[in-house]
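What follows is a set of notes on a single structure, which appears directly below.
The values are calculated or read from the model by the stated rules, or taken from the named source; none is laboratory data. Given the structure is predicted, the values throughout are model-derived calculations rather than measurements. When we count neighbours, we look across all protein chains shown, and the Cβ atoms used for this are built from the backbone with ideal geometry, even at glycine. Surface accessibility is based on the protein's heavy atoms, side chains included, excluding ligands, DNA and RNA. Shrake-Rupley method; radii C 1.70, N 1.55, O 1.52, S 1.80 Å.
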Amino acid sequence: MPEAYERYLVPVFFSPFAADLAARAAALRPRAVLELAAGTGALTSELLAGAPDASVVATDLNEAMVECGSARQPRARWRQADAQELPFADGAFDLVVCQFGVMFFPDRPGAYGEVRRVLAPQGRFLFSSWGPLASHGFGAAFQAALEAAVPDGAPTFLPDVPHGYSDPDVVAADLAAAGLLLDSAEVVTLDGVAESAASVATGFLTGTPVSAAVAARGDAEAVRAAVTREMTDRLGAGPVTASMSATVYTARHDV
């Protein structure tokens, strides 16, 4: 999964937003940065380029992602870590960042409480979450294609998880429960460019948990082929571009 994620999804979905988030991080002039849910290092690379004097610790719950990310960006210090039980001292970082990871935390207030603990008193928590599925051109096309191919119960991973945490009021309440104050919530809309609709379909079908749900079916190959055809019909042949929206949040200690 990390290899497919890196090959098909990172350049299209994550790299454009990583550049934006890293620029915001660099403007805060951090000295010690902790990245949560770093994946294969899309944001990590941008952080090191934008804030070359800062030390960067990149973490992910998935050991395979950590191995892939550490090979891709060895200048950061990589650790396998659970965001809900961070293995770092109180106040160790003046900036905690997370790109498209908070949606996966089972206990978000608990994870935010850990962020608050490791964050220095004047530090900042900078993170992003995808908008509703309808605001992501590639994701919406994929889910529609998947539902057409699996009318008896298509996997709902995309709307439920990556795109299921898009209400700023809910995010603010979760932060407040952990003793963090939401300073800002800004919607950012960028274009993703893919080599083809088929490559995006491959990324979703092999680089996300949807892969396991489809693989468990007796008609898995037929489903994959149908999804790829439908996405191509929806987005067009050859290189494709789609709009994607996310919200970038900034929070701090509520004192």
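Quick notes on this structure:
- Residue within the range 154-174 that is among the β-branched types (Val, Ile, Thr), out of contact with any strand residue (DSSP E or B) (no Cβ under 9 Å at 6 or more places or on another chain), outside any helix (DSSP H, G or I) and free of Cβ contacts under 8 Å to residues at least 24 places away in the same chain present: yes
- Residues that are closer than 26 Å to Pro168 by Cα, out of contact with any Ser or Thr (no Cβ under 6 Å at 6 or more places or on another chain) and open to solvent by 30 Å² or more (accessible area, probe 1.4 Å) occur at least once in the range 199-217.
- Residue within the range 232-242 that is exposed (fewer than 14 other Cβ atoms within 10 Å of the Cβ), within 22 Å of Arg108 (Cβ to Cβ), touching a residue at least 12 places away in the same chain (Cβ under 8 Å) and aliphatic (A, V, I, L, M) present: no
- Residue among Arg75, Arg116 that alone is open to solvent by 50 Å² or more (accessible area, probe 1.4 Å) and either in a helix (DSSP H, G or I) or closer than 17 Å to Val248 by Cα (or both): Arg116
- Checking each residue in the range 61-72 for being open to solvent by less than 20 Å² (accessible area, probe 1.4 Å) and either in a loop (DSSP other than H, G, I, E, B) or out of contact with any Gly (no Cβ under 6 Å at 6 or more places or on another chain) (or both) picks out only Val66.
- Checked against (1) more than 25 Å from Ala172 (Cβ to Cβ); (2) among the polar types (S, T, N, Q); (3) in contact with a Ser or Thr (Cβ under 6 Å, 6 or more places away or on another chain), Asn62 passes all but a single condition, namely (3).
- Restricting attention to the range 176-194 and to residues that are among the small types (Gly, Ala, Ser) and touching a helix residue (DSSP H, G or I) at 6+ places or on another chain (Cβ under 6 Å), the residue that is most open to solvent (accessible area, probe 1.4 Å) turns out to be Ala177.
- Selection count where residues are open to solvent by less than 40 Å² (accessible area, probe 1.4 Å), outside any loop (DSSP other than H, G, I, E, B) and more than 16 Å from Asp94 (Cβ to Cβ), scope the range 21-47: 5
- Spans of helices (runs of 4 or more DSSP H) in the range 189-238 with at least 2 residues in contact with a strand residue (DSSP E or B) (Cβ under 7 Å, 6 or more places away or on another chain): 197-207
- Selection count, the range 85-110, where residues are closer than 20 Å to His253 by Cα, among the aromatic types (Phe, Trp, Tyr) and open to solvent by 50 Å² or more (accessible area, probe 1.4 Å): 0
- Residue list for the range 123-147, restricted to those being part of a helix (DSSP H, G or I) and either surrounded by fewer than 24 Cβ atoms within 10 Å (Cβ to Cβ) or within 18 Å of the chain's Cα centre (by Cα) (or both): Leu133, Ala134, Ser135, Gly137, Phe138, Gly139, Ala140, Ala141, Phe142, Gln143, Ala144, Glu147
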